[in-house]
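S.K.: To start, I am sharing the structure in question, which I have written as structure tokens.
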């Protein structure tokens, strides 16, 4: 086995046993990136010398944590002191973060090495990584297709073996949808499980940071490392993380698996549905019981999400004004022109679209008709999940209604692009945890992964990992890799 093929668990074990050095691992991944970038477009930037220096420092000290010496990539909306943090936008090109995000501190405390920055949709607004102003990311299984978004760079880097794992952010499916498209594991934790301090905000009541990894065990290790309370994030929950890795081997006998009828009611690719139902049968064979349940307000989730998320984006992105940091328009006649031109020149079309929509729904005369109404729908969706989890332990759904679509296929049709997240959005609105893993492949022009979404109750990540661990032990889909 070549070094870049290791999982996080394998890499950490070999470093701990001194069979391989952290420096060796970083060099192997840098060579992989040199071979695949820029055709893949998964990585925005990396400092090879800085990563090697950090790896050498890990090699010179005894193991300090469960991720000791393991290189991990970061989505480009996470702050690392002294490093560029552009959010794949012109308006932040050249900006260097003055502090570390909490998840970055926690990764370092666990012994990880920071490998580089992954590509993303601009300010995490998109489902295909095509709104990145740097370049689109390509799907490692088929370079003509999207890896998903907005964490498409993180998912593609993990799938292509350019990184052992990566962090992404998930506001409406931005970890799980790319994980499904690229054939890896992606987890959106319960809202508040992971501190958002140092994450450039898109929609603050929806955003969560989570791992993308090659299997459930790796995702569990990383989630444990980055979880926990943080006084710098007022939405951070006070609970210390349990042992997620231990949950993987507990089995699923007598667990009840809910199948929401609204997620299987049409509009889904037939091969995707077949793969998901086959996965359900595998889990039933392991002793779980599948029951049909209903989430009756699912049909309103997309509309409510795009009111609430854009409203919060409008407020959060107001800080990018050319005054304090980032890009500033040249030679403005007055402050008003500087503000207008800076934002016009700095933001891309999708970000402008969402700012305009969000400003509209918050404006006088429309607030009650749109924003307040969307908040009421969100309450109903939360109630749906609460009632569903009274009948079952987890919910099983497709992660996406289709396999990865082609680059350019939906970029001119925002509504169709938004509907790509139709199965993932509700979990963010409810604040519950959800995980995507590979449950099969379909043949189009090339072989493409299919994602199974496991949705758990609030703080229910241990149960997610019980189901994911059992499924991976009974199948081998997660072991397949693109590009050789």
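Derivation of every value follows stated rules applied to the coordinates shown; laboratory data play no part. Since we're looking at a predicted model, the values are computed, not measured. Glycine gets a Cβ as well: all are built from the backbone with ideal geometry, and neighbour counts include every protein chain shown.
S.K.: Using Stokes-Einstein with the Kirkwood hydrodynamic radius over Cα pairs, what translational diffusion coefficient do you get for segment 378-484 at 10 °C and a viscosity of 1.306 mPa s, in µm²/s rounded to a whole number?
M.R.: On the way: Rh = 15.5 Å.
Value of D from the Cα-based Kirkwood radius: 103 µm²/s.
S.K.: Sticking with this structure for a sec: Note the per residue figure in Å³ for the convex hull of the C-alpha positions in segment 265-362.
M.R.: In segment 265-362, the Cα hull volume divided by residue count equals 173 Å³.
S.K.: For q values of 0.20, 0.26 Å⁻¹, compute log₁₀ I(q)/I(0) with the Debye formula on a Cα-only model of segment 1-42, without solvent.
M.R.: Computed log10 I(q)/I(0) values: -0.62, -0.87.
S.K.: With the convex hull built on the Cα atoms of segment 169-287, state its orientation-averaged projected area in nm².
M.R.: 8.9 nm²
S.K.: How many percent of the alpha carbon pairs in segment 169-215 exceed a separation of 18 Å?
M.R.: Counting every Cα pair in segment 169-215, those more than 18 Å apart make up 25 percent.
S.K.: Also, I was wondering about something else. Taking the convex hull of the Cα atoms, report for segment 387-449 its projected area averaged over all directions, in nm².
M.R.: With the hull built on Cα positions only, its mean projection is 5.6 nm².
S.K.: Could I ask something else about it? Spin-label point model (7 Å from Cα, Cβ direction): what's the residue 34 to residue 233 distance in nm?
M.R.: The modelled label-to-label distance comes out at 3.6 nm.
S.K.: Here's a follow-up. Hey, what's the Kirkwood Rh for the chain if you take every pair of different alpha carbons, in angstrom? All intermediate terms of the calculation are to be shown ahead of the outcome.
M.R.: Working: mean 1/r = 0.0451 Å⁻¹.
Evaluated over the chain, this radius sits at 22.2 Å.
S.K.: Calculate log10 I(q)/I(0) of segment 31-98 for q = 0.14, 0.15, 0.18, 0.22 Å⁻¹, where I(q) comes from the Debye formula with a single equal point scatterer on each Cα and nothing for solvent.
M.R.: -0.55, -0.63, -0.86, -1.10
S.K.: How much length would be gained if the chain were fully extended between residue 333 and residue 476, taking 0.36 nm per residue of separation minus their Cα-Cα distance, in nm to one decimal?
M.R.: 45.2 nm
S.K.: Per the Kirkwood treatment, what hydrodynamic radius in Å, one decimal, follows for segment 57-128 from the mean inverse distance over all distinct Cα pairs?
M.R.: For segment 57-128, inverting the mean 1/r across all distinct Cα pairs yields 13.1 Å.
S.K.: Report for the chain the percent antiparallel among DSSP-assigned beta bridges with both residues inside it, nearest 5.
M.R.: 70 percent
S.K.: While we're here: How long are the semi-axes of the ellipsoid equivalent to segment 109-254, from square roots of 5 times the Cα gyration tensor eigenvalues, in whole Å, largest first?
M.R.: Semi-axis lengths for segment 109-254 are 24, 19, 13 Å.
S.K.: Suppose R0 equals 22 Å. What FRET efficiency, 1/(1 + (r/R0)^6) with r the Cβ-Cβ distance, do residue 264 and residue 443 give to the nearest 0.05?
M.R.: The calculated FRET efficiency here is 0.50.
S.K.: May I ask you to work out the translational diffusion coefficient for segment 130-205 at 4 °C, viscosity 1.567 mPa s, via Stokes-Einstein with Rh from the Kirkwood sum over Cα pairs, reported in whole µm²/s?
M.R.: Estimated via Stokes-Einstein, D reaches 101 µm²/s.
S.K.: Let me ask something additional. Would you kindly give the portion of the calculated P(r) for segment 1-121 that falls above 22 Å, as a percent of all Cα pairs?
M.R.: Tail of the P(r) past 22 Å holds 34 percent of the pairs.
S.K.: Where the convex hull is taken over the Cα atoms of segment 1-72, what is its projected area averaged over directions, in nm²? Walk me through the numbers on the way to the answer.
M.R.: On the way: hull surface 19.2 nm².
Its average projected convex-hull area is 4.8 nm².
S.K.: Report the dimensions of segment 352-437 along its three principal axes from the alpha-carbon atoms, largest first, rounded to Å.
M.R.: 42, 36, 14
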